[in-house]
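The values are calculated or read from the model by the stated rules, or taken from the named source; none is laboratory data. These numbers come from a predicted model, not from an experiment. All Cβ positions, even for glycine, are placed from backbone atoms using ideal geometry, and neighbour counts span all protein chains on display. Each accessible area value is taken on the protein alone, full model and side chains, heavy atoms only, with ligands, DNA and RNA left out. Shrake-Rupley method; radii C 1.70, N 1.55, O 1.52, S 1.80 Å.
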Amino acid sequence: MLNDDLNVKIGAVADIIVGSRKVVVFTGAGVSTESGIPDFRSPGGIWSKFDPDDFTIKKFLYSPETRKKQWRILVEGGLITNAKPNQAHLGIAELERLGKLDCVITQNIDNLHQKAGNSPEKVIELHGNMRWVRCLSCNERYPLEDIKQRLKRGKEEVPDCKNCHGILKPDVVFFGEALPEDALQNATYHSSNCDLLIAIGSSLVVYPAAYMPLYAKEAGAKLIIINIGETSYDSRADILINGKAGETMERILKKVKEKL
Ligand code: APR
């Protein structure tokens with residue numbers, strides 16, 4: 001993209017943000033790749049390394065082998081717990097500090113929006129959060145770190161609930177599993193009542209999460225997309241920036257602060 005074209009777009013995005021009353025930011029895995037967490041569908045992404053079928057709720061429930069594999073990946077994968085927020089997360093947290101953020105709706109489970117400084121009550125997590133593990137029988141919740149310590153001691157390969165010996169599952173949404181009803185309703189309400197939705201780092205192919213930009217457009221809001229790759233909503237975007245989330249958000253926030 002020609003630099004002056006990008007400068008014009010950055011300035012236009014900043015003007016729209018300053019002139020908006022209710023800004024919703026919608027994020028996907030692409031906002032966390034600059035924190036070292038691979039996304040799912042880019043070349044080399046997670047689905048090129050792991051079989052999505054192993055991440056279906058059906059297989060997790062009915063295959064002890066799959067549960068063993070999942071817990072091994074979780075215990076070995078320090079990726080998420082050690083990751084730090086990058087400029088994209090920090091820019092979104094800055095929007096909140098400037099009083100310009102209605103909420104951030106995220107498909108991510110890495111807790112990086114909260115780590116960057118967004119208030120937890122302004123972060124709507126459609127696909128759950130990796131910090132917790134839940135018992136599928138009695139609903140007891142455990143911090144993932146406690147379960148990882150149990151597994152690292154090597155006495156068990158598949159943890160069970162200390163309360164009722166039920167199956168424990170990371171508190172994230174697996175394929176074929178319903179999204180948390182309150183989060184989905186909350187996200188739908190905010191997307192349908194905003195005047196600007198900025199979608200960052202998502203291919204926008206997984207539903208019902210990917211309905212959010214549509215709800216915003218149908219409510220008359222402007223749609224801005226910041227993404228390296230193509231998304232299924234590019235033709236509906238009022239402004240489309242095919243660039244890196246971190247540097248783009250850093251430049252947008254610099255312009256917003258000049259204009260506020
Ligand atoms: N800056 C901007 N865009 C980026 C960056 C970056 N640094 N890194 C990657 N991207 C873009 C990619 O080009 C891709 O289009 O982010 C998008 C990420 O898309 P996906 O990998 O499909 O991730 P996401 O849209 O979040 O997937 C949605 O699918 O597998 C499920 O539950 C999983 O929540 C996930 C859902």
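What a 1.4 Å probe finds exposed on segment 126-218 is 50% carbon and sulfur by accessible area, rounded to a whole percent. For segment 201-234, backbone nitrogen atoms closer than 15 Å to the point 7 Å from Ser119 Cα along Cα-to-C-beta are found at no residue. Cα centroids of segment 208-222 and segment 39-61: 26 Å apart.
Computed extension gain for Arg141 through Ser63, at 0.36 nm per residue and net of the alpha carbon distance, reaches 25.9 nm. Got a number for the accessible area of Lys152? Probe 1.4 Å, square angstrom, nearest 10. Answer for Lys152: close to 120 Å² accessible. With K and R counted +1 and D and E -1, the other residues having a Cβ less than 12 Å from that of Leu151 yield a net charge of +2. Applying the Karplus relation 6.51 cos²θ - 1.76 cosθ + 1.60 with θ = phi - 60° to segment 22-36 yields 3J(HN,Hα) values of 10, 9, 9, 9, 10, 10, x, 4, x, 7, 9, 5, 6, 9, x Hz, where x marks Gly and Pro.
Across the protein chains, with a 1.4 Å probe defining accessible surface, the residues Ile167, Ile228 rank Ile228, Ile167 from largest area downward.
So what is the relative contact order of segment 1-135, in percent, for Cα pairs below 8 Å that sit 6 or more residues apart?
Relative contact order of segment 1-135: 26 percent.
Helix-only arithmetic for the chain: the sum of -39500 (n - 2.57) across DSSP H runs with n ≥ 4, divided by the residue total, places the mean residue ellipticity at 222 nm at -11000 deg cm²/dmol. Taking a point 7 Å out from the Cα of Ser232 in the direction of its Cβ, the residues of segment 44-65 whose backbone N falls within less than 20 Å of it are 45-48, 52-53, 55-57.
Trp71 sits among other residues whose Cβ lies under 15 Å from its own Cβ, and their net charge, with Lys and Arg +1 and Asp and Glu -1, is +3. Given an 8 Å cut-off on Cα distances and at least 6 residues of separation, report the relative contact order of the chain as a percent. Reported as a whole number, the value is 25 percent.
Note on surface exposure: Ser42, Ser48 rank Ser48, Ser42 by accessible area, highest first, 1.4 Å probe. A convex hull fitted to the Cα coordinates of the chain yields 120 cubic angstrom per residue.
Comparing Gly201, Gly30, Gly176 in a Gaussian network model of the chain (Cα springs below 10 Å), the most mobile by mean-square fluctuation is Gly176. Of the complete DSSP H runs in the chain, none spans 30 angstrom or more by Cα along the long axis with a mean Kyte-Doolittle score not below 1.6. Summing charges over all other residues whose Cβ lies under 13 Å from the Cβ of Glu230, with Lys and Arg as +1 and Asp and Glu as -1, gives +1. Measuring between alpha carbons in the structure, the pairs from Lys122/Lys257; Lys122/Lys217; Lys9/Lys115; Lys68/Lys122; Lys59/Lys217 lying more than 32 angstrom apart are Lys68/Lys122; Lys59/Lys217. Taking a point 7 Å from the Cα of Glu156 along the Cα-to-Cβ direction, the residues of segment 70-114 with backbone N closer than 20 Å to it are 70-77.
Taking all Cα pairs closer than 8 Å and separated by 6 or more residues, the relative contact order of segment 5-75 comes to 11 percent.
The length gained by stretching the chain between His165 and Asn193 to full extension, at 0.36 nm per residue less their Cα-Cα distance, is 5.7 nm.
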